[in-house]
């Protein structure tokens, strides 16, 4: 089923293999502008039915990693047009991942004190400017609690970013609500100690995310909107949340009428718990629309998710780093280039090396006498 076409709410793909979002930090400075090298990178991997871009901050305060591309200036729009054109020329579709990191930032990256559901900090590091110069991992800053006005402004920022993305030629947007970033900070008990309409009950804690999804869907159409969640990952938190799995199930019921392009479950990364098969069944019981799953999948485990109808689309991250032709390697059972320590070191920042210089597989050709 990996190589079957997919037809959803306005989203038609030539296969069910998706390139997952991965931060690569290769923008042109100043301004964090997407460039020709990025267009080459994404086009090289456009055998995937769908590409989801690296996380893209919707505003300066949304930024948590240096050198990541934005989508809030005209220069960003113009830069991303190079990327979307390159991917479309190669026959694939591309969604941009819209990103607000919340407290997972540093004031030298965001340009101001980071924000969150509540003024609670967890020990954490992000990729930012070092005191001695250059870039590396830095400890995050103490956040402040968002006001109602901050929340409304952030919803408006997501809407504008989505409109900018469509102007840049994207097929849609994926809102990042996973991995301990802003929306996840509102969803979870430990990071949300608010006493207003955005805290306390499950409905209140999911209100910010649901309202944002509805506003963006109203602006560009639900068929162009997706969301990423990670109920079994607790990256960015000290401990797992006893309610988050149920919170996501309840949120899915509210999302269903929006007819989103897909809901993207991120699993098996950083600090996580295994996903019970019963949970996948619960998801299907409450959510009738397309589901995507990512998280250290192999060709075989991805195929099983599709066959059991627990997923409609399957996403791969690091295999696409070193295997730009991953779809062909899967199709013909060619060996995969290993994602090794050198590849990991070149993930953030740098130039073409470790970014666009990975070769496509060259199968041996037997010459007949």
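The values are calculated or read from the model by the stated rules, or taken from the named source; none is laboratory data. What you see is a predicted model, and the numbers here were worked out from it, not measured in a lab. As a convention, Cβ positions derive from the backbone with ideal geometry for all residues, glycine included, and neighbour counts pool all protein chains shown.
Can you tell which of 245, 256, 215 is more than 24 Å from residue 18 (Cβ to Cβ) and either surrounded by fewer than 24 Cβ atoms within 10 Å (Cβ to Cβ) or in contact with a helix residue (DSSP H, G or I) (Cβ under 7 Å, 6 or more places away or on another chain) (or both)? Give the steps one after another, and end with the answer.
Values: 245 fails: more than 24 Å from residue 18 (Cβ to Cβ); 256 fails: more than 24 Å from residue 18 (Cβ to Cβ).
None of the others qualify; the one that does is 215.
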Given the conditions (1) at pLDDT below 95; (2) surrounded by 19 or more Cβ atoms within 10 Å (Cβ to Cβ); (3) more than 23 Å from residue 315 (Cβ to Cβ), and given that residue 164 satisfies all but one, which numbered condition is not satisfied? (1)
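Quick one: which of 210, 227, 159 is crowded, with 22+ Cβ neighbours inside 10 Å and within 20 Å of the chain's Cα centre (by Cα)? Working first, answer last.
On the way: 210 fails: crowded, with 22+ Cβ neighbours inside 10 Å; 159 fails: crowded, with 22+ Cβ neighbours inside 10 Å.
Checking each option against the conditions leaves just 227.
Would you please name the residue that is surrounded by the most Cβ atoms within 10 Å (Cβ to Cβ), looking only at residues in segment 73-102 that are under 13 Å from residue 58 (Cα atoms) and in contact with a helix residue (DSSP H, G or I) (Cβ under 8 Å, 6 or more places away or on another chain)?
Restricting attention to segment 73-102, the residues satisfying the condition of being under 13 Å from residue 58 (Cα atoms) are 73-74, 76-77, 96-102.
Those left that are additionally in contact with a helix residue (DSSP H, G or I) (Cβ under 8 Å, 6 or more places away or on another chain): 76-77, 96, 98-102.
Numbers: 76: 23, 77: 20, 96: 30, 98: 29, 99: 32, 100: 27, 101: 28, 102: 27.
Filtering first and then ranking leaves 99.
Looking at 185, 193, can you tell me which residue is surrounded by 17 or more Cβ atoms within 10 Å (Cβ to Cβ), closer than 16 Å to residue 147 by Cα and either out of contact with any helix residue (DSSP H, G or I) (no Cβ under 8 Å at 6 or more places or on another chain) or without any contact (Cβ under 8 Å) to a residue 40 or more places away in the chain (or both)? Can you show your working first?
Values: 193 fails: surrounded by 17 or more Cβ atoms within 10 Å (Cβ to Cβ).
After applying the criteria, what remains is 185.
Would you pick out the residues in segment 106-118 that are over 21 Å from residue 207 (Cα atoms) and either in contact (Cβ under 8 Å) with a residue 60 or more places away in the chain or part of a loop (DSSP other than H, G, I, E, B) (or both)? Give the steps one after another, and end with the answer.
Filtering segment 106-118 for residues over 21 Å from residue 207 (Cα atoms) gives 106-113.
Those that are over 21 Å from residue 207 (Cα atoms) and either in contact (Cβ under 8 Å) with a residue 60 or more places away in the chain or part of a loop (DSSP other than H, G, I, E, B) (or both): 106, 111, 112, 113.
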If you take the residues of segment 269-291 that are under 22 Å from the mean Cα position of the chain (by Cα) and outside any loop (DSSP other than H, G, I, E, B), which of them is surrounded by the fewest Cβ atoms within 10 Å (Cβ to Cβ)? 284
Which of the following residues is crowded, with 23+ Cβ neighbours inside 10 Å and closer than 24 Å to residue 154 by Cα: 55, 31? 55
If you scan segment 16-70, which residues turn out to be in a helix (DSSP H, G or I), over 30 Å from residue 304 (Cα atoms) and either free of Cβ contacts under 8 Å to residues at least 60 places away in the same chain or touching a helix residue (DSSP H, G or I) at 6+ places or on another chain (Cβ under 9 Å) (or both)? 36, 38, 39, 40, 60, 61, 62
Please count how many residues of segment 296-329 are under 13 Å from residue 22 (Cα atoms) and in contact with a helix residue (DSSP H, G or I) (Cβ under 6 Å, 6 or more places away or on another chain). 4
Return yes or no: is residue 180 under 15 Å from residue 215 (Cα atoms), touching a strand residue (DSSP E or B) at 6+ places or on another chain (Cβ under 9 Å) and crowded, with 21+ Cβ neighbours inside 10 Å? no
